[in-house]
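> Handing you this structure, nothing more for now.
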Amino acid sequence: MEGSKRACAETTHIVMSEDINQLGNLHGGTLMQWVDIVGAVAATRHAHTIVTTAALDSMDFKHPVPLGAIVTLQAVVTWTGRTSLEVRVDVYSEKARSEKKTRTNTAYLVFVALGYDGNPQEVPEFLPETSEEKLEYERALQRREERLRRKNAGF
Ligand SMILES: CC(C)(COP(=O)(O)OP(=O)(O)OC[C@H]1O[C@@H](n2cnc3c(N)ncnc32)[C@H](O)[C@@H]1OP(=O)(O)O)[C@@H](O)C(=O)NCCC(=O)NCCS
(Lines give C-alpha, C1' and ligand atoms only; values in the text may rest on other atoms or scores of the structure.)
Protein backbone atom coordinates (compact mmCIF):
# COMPACT_ATOMS: atom_id res chain seq x y z
CA MET A 1 0.00 0.00 0.00
CA GLU A 2 3.06 2.27 0.36
CA GLY A 3 3.07 5.28 -1.95
CA SER A 4 -0.53 4.79 -3.02
CA LYS A 5 -3.11 7.57 -2.71
CA ARG A 6 -6.06 5.22 -2.69
CA ALA A 7 -8.20 4.92 0.42
CA CYS A 8 -7.24 2.06 2.70
CA ALA A 9 -7.83 0.69 6.18
CA GLU A 10 -6.15 -1.83 8.45
CA THR A 11 -7.31 -3.67 11.55
CA THR A 12 -5.55 -6.17 13.79
CA HIS A 13 -7.12 -8.75 16.09
CA ILE A 14 -5.95 -11.51 18.41
CA VAL A 15 -8.12 -14.62 18.02
CA MET A 16 -9.87 -14.97 21.38
CA SER A 17 -11.91 -17.83 22.81
CA GLU A 18 -15.21 -16.24 21.69
CA ASP A 19 -13.94 -16.16 18.07
CA ILE A 20 -13.25 -19.88 17.60
CA ASN A 21 -15.16 -22.89 16.32
CA GLN A 22 -15.31 -26.44 17.73
CA LEU A 23 -11.85 -27.15 16.23
CA GLY A 24 -10.18 -24.29 18.08
CA ASN A 25 -9.76 -22.19 14.95
CA LEU A 26 -11.15 -18.79 13.96
CA HIS A 27 -14.84 -19.05 13.06
CA GLY A 28 -15.40 -18.25 9.37
CA GLY A 29 -18.38 -16.02 10.11
CA THR A 30 -16.34 -13.92 12.54
CA LEU A 31 -13.63 -13.42 9.92
CA MET A 32 -16.27 -12.41 7.37
CA GLN A 33 -17.56 -9.79 9.79
CA TRP A 34 -14.05 -8.41 10.29
CA VAL A 35 -13.58 -8.35 6.49
CA ASP A 36 -16.87 -6.50 6.00
CA ILE A 37 -16.01 -3.89 8.64
CA VAL A 38 -12.47 -3.10 7.46
CA GLY A 39 -13.74 -3.00 3.87
CA ALA A 40 -16.49 -0.57 4.89
CA VAL A 41 -13.92 1.68 6.60
CA ALA A 42 -11.84 1.93 3.40
CA ALA A 43 -14.98 2.52 1.32
CA THR A 44 -16.26 5.17 3.73
CA ARG A 45 -12.89 6.95 3.66
CA HIS A 46 -13.12 7.10 -0.14
CA ALA A 47 -16.81 7.97 -0.41
CA HIS A 48 -16.93 10.39 2.54
CA THR A 49 -20.40 9.13 3.37
CA ILE A 50 -21.99 6.00 4.80
CA VAL A 51 -21.82 2.87 2.69
CA THR A 52 -23.72 -0.39 2.58
CA THR A 53 -22.41 -3.77 1.47
CA ALA A 54 -23.89 -4.77 -1.89
CA ALA A 55 -21.79 -7.87 -2.60
CA LEU A 56 -19.05 -10.05 -1.16
CA ASP A 57 -17.36 -12.29 -3.70
CA SER A 58 -16.63 -15.88 -2.76
CA MET A 59 -14.18 -16.33 0.08
CA ASP A 60 -11.89 -19.34 0.32
CA PHE A 61 -10.51 -20.37 3.69
CA LYS A 62 -7.11 -21.78 2.75
CA HIS A 63 -5.47 -22.07 6.16
CA PRO A 64 -7.03 -22.47 9.62
CA VAL A 65 -6.27 -19.58 11.97
CA PRO A 66 -5.72 -20.87 15.52
CA LEU A 67 -6.65 -19.43 18.91
CA GLY A 68 -4.12 -16.76 19.91
CA ALA A 69 -3.04 -15.91 16.36
CA ILE A 70 -2.62 -12.27 15.38
CA VAL A 71 -4.85 -11.49 12.39
CA THR A 72 -4.24 -8.41 10.25
CA LEU A 73 -6.75 -7.25 7.64
CA GLN A 74 -5.73 -4.74 4.98
CA ALA A 75 -8.36 -3.11 2.76
CA VAL A 76 -7.83 -0.96 -0.35
CA VAL A 77 -10.17 0.59 -2.90
CA THR A 78 -9.59 -1.01 -6.31
CA TRP A 79 -12.33 0.44 -8.51
CA THR A 80 -15.14 2.97 -8.47
CA GLY A 81 -18.33 3.17 -10.51
CA ARG A 82 -20.97 5.89 -10.27
CA THR A 83 -22.30 5.08 -6.79
CA SER A 84 -20.51 1.82 -6.04
CA LEU A 85 -16.92 0.93 -5.34
CA GLU A 86 -14.90 -2.25 -5.00
CA VAL A 87 -12.57 -2.95 -2.08
CA ARG A 88 -9.99 -5.76 -1.77
CA VAL A 89 -9.33 -7.15 1.68
CA ASP A 90 -6.23 -9.26 2.35
CA VAL A 91 -6.09 -11.28 5.56
CA TYR A 92 -2.80 -12.30 7.19
CA SER A 93 -2.28 -14.61 10.14
CA GLU A 94 0.74 -14.56 12.42
CA LYS A 95 1.57 -16.88 15.31
CA ALA A 96 2.51 -15.26 18.62
CA ARG A 97 5.99 -16.80 18.71
CA SER A 98 6.83 -16.37 15.02
CA GLU A 99 7.27 -13.34 12.80
CA LYS A 100 6.10 -15.29 9.76
CA LYS A 101 2.88 -13.91 8.29
CA THR A 102 0.69 -16.15 6.13
CA ARG A 103 -1.92 -14.70 3.81
CA THR A 104 -5.00 -16.74 4.62
CA ASN A 105 -7.70 -15.00 2.56
CA THR A 106 -8.41 -12.38 -0.07
CA ALA A 107 -11.91 -11.06 -0.59
CA TYR A 108 -13.47 -8.51 -2.92
CA LEU A 109 -16.47 -6.53 -1.73
CA VAL A 110 -18.74 -3.98 -3.37
CA PHE A 111 -20.10 -1.11 -1.33
CA VAL A 112 -22.71 1.42 -2.37
CA ALA A 113 -22.47 4.99 -1.06
CA LEU A 114 -25.69 6.32 0.42
CA GLY A 115 -26.91 9.88 0.86
CA TYR A 116 -28.91 11.19 3.82
CA ASP A 117 -32.09 10.09 2.01
CA GLY A 118 -30.81 6.49 1.94
CA ASN A 119 -30.49 6.50 -1.84
CA PRO A 120 -27.28 5.67 -3.72
CA GLN A 121 -25.00 8.68 -3.99
CA GLU A 122 -22.15 9.35 -6.43
CA VAL A 123 -18.62 8.57 -5.27
CA PRO A 124 -15.40 10.38 -6.22
CA GLU A 125 -13.67 8.64 -9.12
CA PHE A 126 -10.68 6.46 -8.30
CA LEU A 127 -8.01 6.77 -10.98
CA PRO A 128 -5.44 3.97 -10.82
CA GLU A 129 -1.87 5.22 -11.11
CA THR A 130 0.60 2.40 -10.64
CA SER A 131 0.78 -0.58 -13.00
CA GLU A 132 -0.47 -2.81 -10.18
CA GLU A 133 -3.49 -0.53 -9.60
CA LYS A 134 -4.24 -0.40 -13.34
CA LEU A 135 -4.14 -4.20 -13.64
CA GLU A 136 -6.41 -4.64 -10.64
CA TYR A 137 -8.79 -1.99 -12.02
CA GLU A 138 -9.09 -3.94 -15.30
CA ARG A 139 -9.80 -7.13 -13.36
CA ALA A 140 -12.33 -5.28 -11.23
CA LEU A 141 -14.27 -4.43 -14.39
CA GLN A 142 -14.44 -8.14 -15.23
CA ARG A 143 -15.56 -8.99 -11.68
CA ARG A 144 -18.26 -6.30 -11.92
CA GLU A 145 -19.58 -7.78 -15.16
CA GLU A 146 -19.81 -11.19 -13.50
CA ARG A 147 -21.61 -9.77 -10.45
CA LEU A 148 -24.11 -7.87 -12.56
CA ARG A 149 -24.71 -11.01 -14.62
CA ARG A 150 -25.48 -12.86 -11.36
CA LYS A 151 -27.70 -10.00 -10.17
CA ASN A 152 -29.62 -9.83 -13.43
CA ALA A 153 -30.06 -13.60 -13.37
CA GLY A 154 -31.87 -13.11 -10.07
CA PHE A 155 -29.43 -14.55 -7.51
C1 LIG B 1 -27.02 -2.14 -2.41
C2 LIG B 1 -28.35 -1.46 -2.75
C3 LIG B 1 -28.38 -0.08 -2.06
C4 LIG B 1 -28.37 -1.25 -4.25
O5 LIG B 1 -29.65 -0.78 -4.58
P6 LIG B 1 -30.15 -0.74 -6.09
O7 LIG B 1 -31.59 -0.43 -6.07
O8 LIG B 1 -29.68 -1.95 -6.82
O9 LIG B 1 -29.43 0.55 -6.59
P10 LIG B 1 -28.88 0.84 -8.03
O11 LIG B 1 -29.50 -0.01 -9.07
O12 LIG B 1 -28.92 2.34 -8.18
O13 LIG B 1 -27.35 0.40 -7.90
C14 LIG B 1 -26.44 1.16 -7.15
C15 LIG B 1 -25.05 0.67 -7.48
O16 LIG B 1 -24.87 -0.58 -6.85
C17 LIG B 1 -24.41 -1.52 -7.82
N18 LIG B 1 -24.91 -2.81 -7.40
C19 LIG B 1 -26.14 -3.10 -6.94
N20 LIG B 1 -26.22 -4.41 -6.64
C21 LIG B 1 -25.00 -4.94 -6.91
C22 LIG B 1 -24.44 -6.25 -6.81
N23 LIG B 1 -25.16 -7.29 -6.37
N24 LIG B 1 -23.15 -6.41 -7.17
C25 LIG B 1 -22.41 -5.38 -7.61
N26 LIG B 1 -22.87 -4.12 -7.72
C27 LIG B 1 -24.16 -3.92 -7.38
C28 LIG B 1 -24.97 -1.03 -9.13
O29 LIG B 1 -24.28 -1.55 -10.23
C30 LIG B 1 -24.78 0.46 -8.98
O31 LIG B 1 -23.42 0.77 -9.19
P32 LIG B 1 -22.94 2.10 -9.99
O33 LIG B 1 -23.77 3.26 -9.55
O34 LIG B 1 -21.50 2.27 -9.58
O35 LIG B 1 -23.09 1.81 -11.45
C36 LIG B 1 -29.58 -2.30 -2.31
O37 LIG B 1 -29.61 -3.50 -3.07
C38 LIG B 1 -29.56 -2.64 -0.85
O39 LIG B 1 -29.90 -1.80 -0.02
N40 LIG B 1 -29.15 -3.88 -0.50
C41 LIG B 1 -29.04 -4.29 0.88
C42 LIG B 1 -27.70 -3.84 1.45
C43 LIG B 1 -27.49 -4.36 2.86
O44 LIG B 1 -28.38 -4.37 3.67
N45 LIG B 1 -26.24 -4.75 3.12
C46 LIG B 1 -25.86 -5.25 4.41
C47 LIG B 1 -25.70 -6.74 4.38
S48 LIG B 1 -27.18 -7.57 4.76
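The values are calculated or read from the model by the stated rules, or taken from the named source; none is laboratory data. All values reported here derive from a predicted model rather than from experimental measurement. Quick reminder, even Gly has a Cβ in these numbers, built from the backbone with ideal geometry, and neighbours come from all protein chains shown. These accessible areas exclude ligands, DNA and RNA; they are computed on the full protein's heavy atoms, side chains included. Shrake-Rupley method; radii C 1.70, N 1.55, O 1.52, S 1.80 Å.
> Can you show me the helix-derived [θ] at 222 nm for the chain, built from DSSP H runs with n ≥ 4 at -39,500 (n - 2.57) apiece and divided by the number of residues, rounded to the nearest 500. Working shown, then result.
Values: 2 runs with 42 residues, N = 155.
For the chain, the value works out to -9500 deg cm²/dmol.
> Could you tell me the relative contact order of the chain? Use alpha-carbon pairs under 8 Å, at least six residues apart, and round to a whole percent. Show your work: numbers first, answer last.
Numbers: 293 pairs, mean separation 36.9, N = 155.
Averaging sequence separation for qualifying contacts and normalising by length gives 24 percent for the chain.
> Where in segment 5-83 are there chymotrypsin sites (Phe, Trp or Tyr not before Pro) that are in a DSSP coil and have at most 14 other Cβ atoms within 10 angstrom of their Cβ? The partial results should precede the final answer.
Values: sites: TRP34, PHE61, TRP79; in loops: PHE61.
Answer in residue order: PHE61.
> Hey, could you grab the Kirkwood Rh for segment 39-155? Inverse mean 1/r over distinct alpha carbon pairs, Å, one decimal. Provide the component values of the computation, followed by the final result.
Numbers: mean 1/r = 0.0645 Å⁻¹.
When all Cα pairs of segment 39-155 are included, the Kirkwood radius is 15.5 Å.
> Can you give the accessible area of MET16, probe radius 1.4 Å, in Å² rounded to 10?
Around 100 Å² of this residue is reachable by solvent.
> Restrict the search to segment 58-94; then list the trypsin sites (Lys or Arg not before Pro) that DSSP places in a loop and that have at most 13 other Cβ atoms within 10 Å of their Cβ.
On the way: sites: LYS62, ARG82, ARG88; in loops: LYS62, ARG82.
Loop-located and lightly packed - LYS62, ARG82.
> How large a share of the accessible area of the chain, in percent, is made up of carbon and sulfur atoms when the probe is 1.4 Å and the other protein chains stay in place? Walk me through the numbers before you get to the answer.
Details: 4750 of 9380 Å².
On the chain, the fraction of accessible area on carbon and sulfur atoms equals 51 percent.
> For a quick check, take a GNM of the chain with Cα springs below 10 Å and name the residue from THR130, THR80, THR11 with the largest mean-square fluctuation.
Of the options given, THR130 has the highest mean-square fluctuation.
> Can you list the lysines whose alpha carbon is less than 23 Å from that of LYS134, not counting same-chain residues fewer than 8 positions off?
Cα-Cα hits under 23 Å: LYS5.
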